[in-house]
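Below you'll find the structure, written out as structure tokens, and then a few comments.
The values are calculated or read from the model by the stated rules, or taken from the named source; none is laboratory data. Computed from a predicted model, the values in this text were never measured in an experiment. When we count neighbours, we look across all protein chains shown, and the Cβ atoms used for this are built from the backbone with ideal geometry, even at glycine.
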Amino acid sequence: MPEEPCQCPDCQRFYREHDRLIRECPTLRQQQEVNWAALQSFRTLSGRVLEDLQKQQAAKANDPEATPATSVGGEEEPMDALQQSIADLENINAHLFSIEALMERVFDVRVPEAVEQKFRELAGELAPDPLNADRLRLNRLLHQTPDLPERS
């Protein structure tokens, strides 16, 4: 018998996002595109933060009046924390480049329309629309409570 899914807020948020991505991108092509876009946005943002931190570190290193702490995000951070953050971001970026190389192979795959239709069909089973009238009625029957909109 399978274990019950975790009910903590972080896992619940993950399950909702997982299902949303399946509903909104129910084909192989759409999944390829959304994953590529997510990877590229992650690389762009982390690369830009890394670049800015490296510039900040270089400016501090060249400033003879610099103190051993620096401001990161409005907070004073020891220089060691800044150096560790830069090293961590460099590692993240290296991993993202590796993932990009793998994703290029996935992105090259094309399937016939019949297979794309199978993706759409199974997406509806894996992540049915939570606001679908049948789903809401089923939830009420199973939980014996009215479905209330989630507050963010």
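Inside the range 103-134, residues that are within 21 Å of the chain's Cα centre (by Cα), part of a helix (DSSP H, G or I) and either more than 15 Å from Pro26 (Cα to Cα) or modelled with pLDDT under 90 (or both) make up a count of 6.
State whether one or more residues within the range 5-20 are surrounded by 10 or more Cβ atoms within 10 Å (Cβ to Cβ), of a type in the set (A, V, I, L, M, F, W, C) and within 20 Å of Leu102 (Cβ to Cβ). No; the residues of the range 5-20 include none that is surrounded by 10 or more Cβ atoms within 10 Å (Cβ to Cβ), of a type in the set (A, V, I, L, M, F, W, C) and within 20 Å of Leu102 (Cβ to Cβ). Across the range 21-54, the number of residues qualifying as exposed (fewer than 13 other Cβ atoms within 10 Å of the Cβ) and within 26 Å of Glu121 (Cα to Cα) comes to 3.
Among residues of the range 119-139 that are under 14 Å from Arg16 (Cβ atoms), those with a beta-carbon under 7 Å from a residue that is at pLDDT 60 or above and not in a helix (DSSP H, G or I) at least six positions away or on a different chain give the pairs Arg135/Pro128; Arg135/Asp129. Gln12 - would you say it is more than 23 Å from Phe119 (Cβ to Cβ) and among the polar types (S, T, N, Q)? In short, yes. Restricting attention to the range 21-30, the residues that are under 22 Å from Leu102 (Cβ atoms), in a helix (DSSP H, G or I) and in contact (Cβ under 8 Å) with a residue 12 or more places away in the chain add up to 4.
If you go through the range 62-85 and pick out every residue that is modelled with pLDDT of 70 or more and closer than 18 Å to Val49 by Cα, you end up with 7. Checked against (1) under 30 Å from Arg29 (Cβ atoms); (2) modelled with pLDDT of 85 or more, Asp88 meets all criteria but (1).
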